[in-house]
1. Run the numbers on the stretch 312-430 and let me know its relative contact order in percent, using alpha-carbon pairs under 8 Å that are six or more apart.
2. Given axes a ≥ b ≥ c from the Cα gyration tensor, I'd like to know whether the stretch 179-293 is rounded (a/c under 1.5), prolate (a/b larger than b/c) or oblate.
3. Once each part is reduced to its C-alpha centroid, what is the distance from the stretch 309-365 to the stretch 382-430 in angstrom?
4. Starting from the Cα gyration tensor of the stretch 286-335, take the square roots of the eigenvalues, sort them a ≥ b ≥ c, and report rounded, prolate or oblate (rounded when a/c is under 1.5, otherwise prolate if a/b is larger than b/c, else oblate).
5. Label-point separation (nm) for Met176 and Asp370, each offset 7 Å from Cα along Cα-to-Cβ?
6. From the square roots a ≥ b ≥ c of the eigenvalues of the alpha-carbon gyration tensor of the stretch 311-384, which class results: rounded (a/c under 1.5), prolate (a/b over b/c), or oblate?
7. How much length is gained if the chain between Ser247 and Thr213 is pulled fully straight, taking 0.36 nm per residue apart and subtracting their Cα-Cα distance, in nm to one decimal?
8. What FRET efficiency would be calculated for the residue pair Asn307, Gln337, taking the C-beta separation as r and a Förster radius of 25 Å, to the nearest 0.05?
Amino acid sequence: MRAPLPFDPHGHDLPRLSDLADRLAADDASAPRDRDSATRPVLVLRPPMLTTSPDDDLAVSSRRVFLARASTLSLALPGIGAALAACSPSGGARGDSTRSQAAGTAQRASADTQDALRHHNSDSKLDTAVVKGGRPGSSAPAGGTGAGSTATYHRFDPTLPPLAAERTIRLNWRSMEAPVRIRPDTVVAAWTFEGDIPGPIVHCRVGDTVEFTLTNESAVPHSMDFHAAQIDPKVAFRSVVKGQSVSYTFKPRWAGAFMYHCGTAPVLMHIGSGMFGALVVSPREPLPPAKEFVLVQNEFYLSEAANGVRPFDYNKMLTTLPDYMAFNGRPNQYIDQPIHVKVGDRVRFWIVNCGPTHPCAFHVVGEQFDTMYLGAPPGTPIRGVQTWDVPAGGGMCFELMCDIPGEFPFVNHGFGHAQKGAIGFLVVEA
Ligand SMILES: [Cu+2]
């Protein structure tokens, strides 16, 4: 029998992860099924205007998904299994107070949306886009989506793109609506830069010139806010309507991992619907050679599917209880298709947390970061880090040496969020 962990409040023996997975597999026999899949455990969907907490259903189903996958990994994840067991709600332990609290939050969120719509002022830079042309509080276009079946699932390549020989980076991007398949059984009605979540990963050096143009092809006004730019936001980050463009130029002054995002109000809706990405700025003097990867964390707040596509749900964004979390836009994608390196490789993770709300407590199970940069590399490295919080809107650089072979889970150590998809595998081959 496993000894009780120090943080087990009841002092009970904790079930093994494999036991939990078996139990959940049995539960699945009576679990609700996705209309598109007879085998995959899924979420119980609520109407867009929430009156009860979605979290109970979500927690159960995502725990099933995670544990079903993790059960095959139980040898690699004993600590995670114990932590999951300790954190799992037992029976109705969370109780009605959580539920009624969340219901109250959702109703307030609904009221907030109505309030936002009432105070909509199309002349204001900060209020340009309370969903013109769509359903209030939803990313769904007015004409419906219906293009979900054409969106194919693909792994988002986490490899940092190489630096260009040119010292001027020219980016001509479109803001556009697009169906994005974030899981094999889930297509979302996204607002995007260049048609994917996240937007393109950009790599440049300190002092390079970035010449940026955004052309809006969407019915909703959009804009672009590069955190790596020091520039008058009222001018450069202004919103443009369909068919118009905005252009500006900047030179990143600091190295680091920087978020970019649409800054059109309500910003929560625009970031929350997929309009974000990462710009990695390398220092003038190259860092030590490494295998470099970019992980962009985000949250998904989705409403019920229409024509096979799930719109984003502004009310749910206000509750801050996501359906899924992801690195690079697809929950659990690097569990299914891990990141591979070799013994002797130095690995450098550029972590950008696009939120819109929650932090990313970045950690690699079975490893330690020998070097971590809170600010601009190579200045003031922090040594010997186990976990560090990357805040929403922030980016940091984490390095480790791969001394031994194995499968090392990288996680958001806020495990409610790892269970919802902010997790993957770094496979170190001998
Ligand atoms: Cu936008």
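The values are calculated or read from the model by the stated rules, or taken from the named source; none is laboratory data. Since we're looking at a predicted model, the values are computed, not measured. Ideal geometry is used to build each Cβ from the backbone, glycine not excepted, and the neighbour counts take in all protein chains shown. The accessibility values were calculated without ligands, DNA or RNA, using every heavy atom of the protein model including side chains. Shrake-Rupley method; radii C 1.70, N 1.55, O 1.52, S 1.80 Å.
1. Working: 255 pairs, mean separation 44.0, N = 119.
Relative CO of the stretch 312-430 lands at 37 percent.
2. On the way: a/c = 2.48, a/b = 1.27, b/c = 1.94.
Since a/c reaches 1.5 but b/c is at least a/b, the shape of the stretch 179-293 is classed as oblate.
3. What the calculation gives is 10 Å, centre to centre.
4. Numbers: a/c = 3.78, a/b = 2.39, b/c = 1.58.
Judged from the Cα gyration tensor, the stretch 286-335 comes out prolate (a/c at least 1.5, a/b above b/c).
5. 4.4 nm
6. Working: a/c = 2.93, a/b = 1.60, b/c = 1.83.
Cα axes put the stretch 311-384 in the oblate bin.
7. Values: separation 34, 0.36 × 34 = 12.24 nm, distance 0.42 nm.
The Ser247-Thr213 span can extend by a further 11.8 nm.
8. Values: r = 28 Å, r/R0 = 1.13.
That pair, Asn307 with Gln337, gives E of 0.35.
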